Every structure is written in C-alpha cells, then in structure tokens.
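Just below is one structure, and these are the notes that go with it.
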Amino acid sequence: MKKSDTPDNLPSYSRRRFLRASQATVAALSAVPVLGGTTDILAVTVSGGSTKPRPDYYDKLGVTKLINAAGTYTELTSAVMPPPVREAVAQAALHPVHLEELQQKAGEYVAQRLKAEGCCISCGASSAITLATAASVMAANNCQPLDIPGRIGTPLFPKNEVVVQKIHHYEYDVAMQLCGIKFVDVVTLDDYRQALGPNTAMTQYFNACDAVGISREDWIAVAHEKGVPCHLDAAADMPPISNLWKYTGMGFDMVSFSGGKDIRGPQNAGLLLGRKQYTDLAQRNICPVDSVGRGMKVAKEQIVGMVAAVDWLLAQTDEGMDQESRDRMAVIVRMVRDIPSVKTSIMVPEVANHVPHLMINFDPDLIGASARELRVRLRTATPCIELNPHTGSTRPSQGVPAQPNALVVTTFLLNPGEEYIVARQIRKALKNPKSVGTYPPPPPPAVT
Ligand SMILES: *Cc1c(COP(=O)(O)O)cnc(C)c1O
C-alpha cells in the first residue's frame, strides 16, 4: 500500500471508485429487481407500456434491504439472481404456458446440460428430497401419487423403509417423512447390508456431513447389489460446477441441489437429477397433480429462472468465480490490515459452501468488542450488513474451524461495488465499535 493510500485518506481515484461503486449499489438496491440490465423493450413490455417509476416494494413495506457478506443462507433469502436470470424470469412472466409441458421440457434441457439421464425441477432442494422419496416409494410399491403418504399412521404401501446412517439424520428428515416412510438407522457397513431388505424403498446420504461414516462408493455398491435406489442430498455442494454431474456419474440414482444457493436461481427452485426412471416418477408427484408435491408448485417464472441459472452457471468458470471473490476480499483486507491486532486469512470449506471465506481475526480486548458484538452492530447499522454466521463461533461446523475472535466474510454474493461499503463499515466497526449500529440490538416492538 502506498503511503498516501491509507484507508482513512483514500486517494481521489479510490474515492471516486468508491462513490461510483456506492452509486451503483444504491442503484442496484433500489432498482426493480426483475429489470436489472434489461433492454428498454422488455422494460416497457413488462411494465405494460407504463414509463412511470415503479414502487420499490421493500421500501413500501418498510423491509430492510441488506448487504449479503454471509453466504447463501435461507433466512437471508439466499442468493440474488444474476441479471440474465432476472431477465428470464421477467420474460417468463409475460406468457401463460401449459405447466406440465414446461416442467418436462425444462427438465429434459437441464438434464442434458448437466449430463444426467433425467431432471425434475423442484421448488428447492427440500422439495427435491420429498419428490425423490415419493418416486422411490412409487417404484418400490408400484403405487400411484395418491397413495402417498396413505392414511395417517397406516401407509398404503408396504415397502416404506428409508435406510440412513445414524450420523446423517438432520433437519431435512421431515422432507422424507412427508411421504409416510420410516427410517432404518445403520452405523457399520455390516448393519447397512442387513438393513437392506424387502421393505427398503430408498437409501439416503447427506453429502456434506462433517462426520466420517460409510463411504459414498460403498454406500452405492451395496444398495445396488440389492436393487435399491440411492438418494444424495448435495443441496449446497456446488462449486465446483462439476459437482452437478460428479455425484450422478458416481452412481447415485437421485441427487438433490438447491437452485437458490450457489447456482443463483430463484430461491424456491431446485433440481432433482439422476436416473430418468426416478426423475419421471418425481415429476408425476409435482403440481398440477394432486399429491404430496401439490404444495410444492414451481411457478413458470421459477422454472424458467432455474433453467436460465443453469445456463448462466455453465458460462462461468470455477476459477473466475473464485478470483472475483478474492479480488473483493483484497479490497476489504487493504482497508483493515493496519488496525492493531488484525490478521486476515482466507479458507475454503471442503464440501458445502466451497467458496472463499475471509477471516478477520482481532484481539477483542484491544478493539473493545467481541466478534459477535460486531456482527450485531454491522447488522443494525445502515446499510445493514450480514456477516457469515461462523463469525465468533466457538465450535467447528460445516467444515469451518471455530472462529471465536474473527469476523467471517464471504464476498461472492455482493452486488458490484458493495465490497467497498463492507470494507469501510468493517473498518469503522473495528476502529470504534460504538460508532456502528447498536448492541445489544433494540428489542422487537411489543405486540399489543
Ligand atoms: C439448503 C439445504 C437444503 C434445502 O434447500 P432449499 O433449496 O432451501 O429447499 C437441503 N439440504 C441441505 C444440506 C441444505 O444445505
């Protein structure tokens, strides 16, 4: 860093860049989301020919817009869609179509692009898990969508067991239980062999599980000896892009991905990829059929958005996306590295959320606030910045070691220019914590 180039005294070049960046950000934040970067023709068509400024419904509703330096977290509405995906969504909204035809053709297109035999576009990974279970139950029992889950407590189908490693139970179990199945838990490979029997409908594997259990290869081989289909939940496990065909190529019969995470499609879209026999059965359970998937309708805008996101993603490279994250991190590092006790490093978790994470370590006694306090302060400031939830963590999780004294930042979801805002706010918070936001946060308004 040149002497004149201290963060508190930005040279005019950087200041201009920062201003331009923040104007771009303000513009991006206040633009009608579906119209970012569209042609005038589309803008006019979408707005029905009106040139009046459109209301910003977040502002109208008093909803706080945030800068996402956290990652693809569901409660933060996950990723924002890149401009070509937003345009595709806006285009799709212009015309009604036959929903089944769209489902089918979009599924075929995505399957072909992602080297799978088949694909069912679901309303998220959780819904893909439900549809995979329904497909497996139908295949095992030769039954119909309406038979699932059957009468409460008494499934209409006898083959109702899903075999899973004890360590792979998680919050998405309910996505399978919706289909009226029961779990059979296993620990060792021997348990597993014995558990697979005449009543097994499916096996379930949680790809990003921190604990080491039965390997994927053994899991698939043993199930296939007995003719049982294997489902893999890989919801958040892209990048690398090739993971979108790695696991189906390995032999998993069905693999679920979230469409709204790093694939950057609509948040309520997802992919069930795999053998056509199963993805076709999954399709038969999704809206408009009256079935367990009826409440998991994927609207035409989401289906088209999902397809466009796959197209967008396949035009990117892992190296390009990684570099963009790191370039943005360099902006932040430059702004904080002269602060006493601050040390920065970058790590990439192995399986889930396999993107660069910037750790900004500091001595809380010297700075005058803990990492957790600074996270709250940045959230309650204007603009609201959300840091990665590993900030101030006391235990390792999801492939990230404990970070008791670090702010954890991801930059892949920032809108262009927001890295400058994040950098300045983090600097301000580290130099004078009380000047940023409030802590503890104000209590929510009382309900009367
Ligand atoms: C996010 C996630 C899901 C759910 O994904 P949605 O697309 O939000 O339904 C399921 N499984 C795992 C492991 C996840 O990380």
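The values are calculated or read from the model by the stated rules, or taken from the named source; none is laboratory data. Everything quoted here is computed from the prediction, not taken from an experiment. Cβ coordinates were reconstructed from backbone atoms using ideal geometry, including for glycine residues, and neighbour counts include every protein chain displayed.
Miscellaneous remarks
- In region 209-243, residue nearest to Leu114 (Cα to Cα) [restricted to those that are small (Gly, Ala, Ser) and more than 16 Å from the ligand (Cβ to nearest atom)]: Ser242
- Leading residue by the ranking (surrounded by the fewest Cβ atoms within 10 Å (Cβ to Cβ)) among those in region 251-274 that are touching a residue at least 40 places away in the same chain (Cβ under 8 Å) and charged (D, E, K, R): Arg264
- Filter result for Lys246 (more than 14 Å from the ligand (Cβ to nearest atom), basic (Lys, Arg), farther than 17 Å from Ala132 by Cα and free of Cβ contacts under 8 Å to residues at least 24 places away in the same chain): yes
- Failed criterion for His354 (all others in (1) over 24 Å from Val85 (Cβ atoms); (2) at pLDDT below 95 hold): (1)
- Failed item in (1) aliphatic (A, V, I, L, M); (2) at pLDDT 95 or above; (3) more than 28 Å from the chain's Cα centre (by Cα), with Ala406 passing the rest: (3)
- Scanning region 249-271 for residues that are more than 10 Å from the ligand (Cβ to nearest atom) and among the aliphatic types (A, V, I, L, M) yields Met250, Met254, Val255.
- Tabulated pairs, region 222-236, first closer than 17 Å to Gln277 by Cβ and in the same structural domain as Ala125 (by TED's automatic domain parsing), second within 10 Å of the ligand (Cβ to nearest atom) and part of a loop (DSSP other than H, G, I, E, B), C-beta under 9 angstrom, 6+ apart or interchain: Leu232/Asn207
- Selection within region 169-208 - more than 28 Å from the chain's Cα centre (by Cα) and either within 16 Å of the ligand (Cβ to nearest atom) or of a type in the set (S, T, N, Q) (or both): Thr188, Gln194, Asn199, Thr200
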